[in-house]
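Participant: Quick one: the structure is below, and I'll ask about it shortly.
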Amino acid sequence: MKLESVELKGFKSFAKRTKIKFDNQITAIVGPNGSGKSNIADAVKWVLGEQSAKSLRGKNMNDVIFQGSDDKNPMNMAEVNLSFENKDRKLDSNYDLIKVSRRIYRNGDNEYRLNGKRVRLKDIKELFLDTGIGKEGYSVIGQGRIDEILNSSSQERRNIFEEASGIATHKYRREESLKK
Ligand code: ATP
Ligand code: MG
């Protein structure tokens, strides 16, 4: 399973539809300060359910929508699509290619989709449990996060190990069944 592409439209500095493909084993994104490198990582976290505007370096969630520039008008919607190749069925789905999408409108409406079908954030979280992919997963390591992990409490560190070792799903299912 791997992230094959990130497609952004109206997200932060990406006014024009932009698709970034990850063909090789290692991809490095380079560019001058302020050119949008970190915005790409923000986009990945956002689709996976990031709810904190601060974690996305904004004041409120609408700040992810393109706010206009000298030659372009502000936009009313931000959309990001992530495509995952799933031939090895690491993700519990019968699809070879899984497209996860999120949209936000200026009026605050927010939508998640899996292969085009409207879903809840919960469905997306369940799909990625135990894969390390997710807003709390270890697959996106932001600046400062290493220090954060080193300085975290033993319980927080334990959560990371539980996710990596694949028992987070069992813990999640247990908690869900206890709720019922
Ligand atoms: P650095 O090398 O300094 O880390 P970077 O390539 O990671 O830079 P980003 O932080 O991804 O740069 O991009 C910052 C740019 O994105 C800023 O110029 C900022 O104005 C722009 N930006 C952020 N949010 C929006 C928005 N909603 N609309 C338009 N532009 C935005
Ligand atoms: Mg940056």
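Participant: Does residue 160 count as within 23 Å of residue 3 (Cβ to Cβ), assigned to a loop (DSSP other than H, G, I, E, B), out of contact with any strand residue (DSSP E or B) (no Cβ under 9 Å at 6 or more places or on another chain) and of a type in the set (Val, Ile, Thr)?
Facilitator: The answer is no for residue 160.
Participant: Which one is farthest from the chain's Cα centre (by Cα) among residues in the range 133-159 that are within 18 Å of residue 83 (Cβ to Cβ), of a type outside the set (S, T, N, Q) and more than 16 Å from ligand 2 (Cβ to nearest atom)?
Facilitator: Among those that are within 18 Å of residue 83 (Cβ to Cβ), of a type outside the set (S, T, N, Q) and more than 16 Å from ligand 2 (Cβ to nearest atom), it is 137.
Participant: If you go through the range 52-69, how many residues are part of a loop (DSSP other than H, G, I, E, B) and away from ligand 1 (no atom under 12 Å from the Cβ)?
Facilitator: 1
Participant: Let me ask another. Can you tell me which residues in the range 70-89 are assigned to a strand (DSSP E or B) and of a type outside the set (A, V, I, L, M, F, W, C)?
Facilitator: 72, 79, 81, 83, 85
Participant: Output the residues belonging to the range 96-107 that are touching a residue at least 40 places away in the same chain (Cβ under 8 Å), more than 15 Å from the chain's Cα centre (by Cα) and over 13 Å from residue 78 (Cβ atoms).
Facilitator: Of everything in the range 96-107, just one residue is touching a residue at least 40 places away in the same chain (Cβ under 8 Å), more than 15 Å from the chain's Cα centre (by Cα) and over 13 Å from residue 78 (Cβ atoms), namely 97.
Participant: Quick one: count up the residues across the range 14-51 that are in a loop (DSSP other than H, G, I, E, B), among the small types (Gly, Ala, Ser) and surrounded by 17 or more Cβ atoms within 10 Å (Cβ to Cβ).
Facilitator: Number of matching residues: 3.
Participant: Another question about this same structure. Identify the single condition in (1) more than 15 Å from ligand 1 (Cβ to nearest atom); (2) of a type outside the set (Phe, Trp, Tyr); (3) without any contact (Cβ under 8 Å) to a residue 12 or more places away in the chain; (4) surrounded by fewer than 16 Cβ atoms within 10 Å (Cβ to Cβ) that residue 110 does not satisfy, given that it satisfies every other one.
Facilitator: Every condition holds for residue 110 apart from (3).
Participant: Still on this structure: Every residue in the range 113-144 that is among the acidic types (Asp, Glu), part of a loop (DSSP other than H, G, I, E, B) and surrounded by fewer than 18 Cβ atoms within 10 Å (Cβ to Cβ), please.
Facilitator: Across the range 113-144, the qualifying residue is only 136.
Participant: Here are 36, 31, 58: which of them is under 27 Å from residue 129 (Cα atoms), without any contact (Cβ under 8 Å) to a residue 60 or more places away in the chain, small (Gly, Ala, Ser) and within 16 Å of ligand 2 (Cβ to nearest atom)?
Facilitator: On inspection, the qualifying residue turns out to be 58.
Participant: Might you check whether a residue that is away from ligand 1 (no atom under 11 Å from the Cβ) and farther than 30 Å from residue 94 by Cβ occurs anywhere in the range 6-26?
Facilitator: Scanning the range 6-26, I find at least one residue that is away from ligand 1 (no atom under 11 Å from the Cβ) and farther than 30 Å from residue 94 by Cβ, so the answer is yes.
Participant: In this structure, is residue 99 among the charged types (D, E, K, R), part of a loop (DSSP other than H, G, I, E, B) and more than 16 Å from ligand 1 (Cβ to nearest atom)?
Facilitator: no
Participant: Can you pull out every residue in the range 61-84 that is hydrophobic (A, V, I, L, M, F, W, C), away from ligand 2 (no atom under 16 Å from the Cβ) and crowded, with 20+ Cβ neighbours inside 10 Å?
Facilitator: 65, 66, 78, 80, 82, 84
Values in this text are rule-based calculations from the coordinates and carry no lab data. Treat the numbers as computed from the prediction; the structure is a model and nothing was measured. Counting neighbours? That spans all protein chains shown, and the Cβs are built from the backbone with ideal geometry, glycine included.
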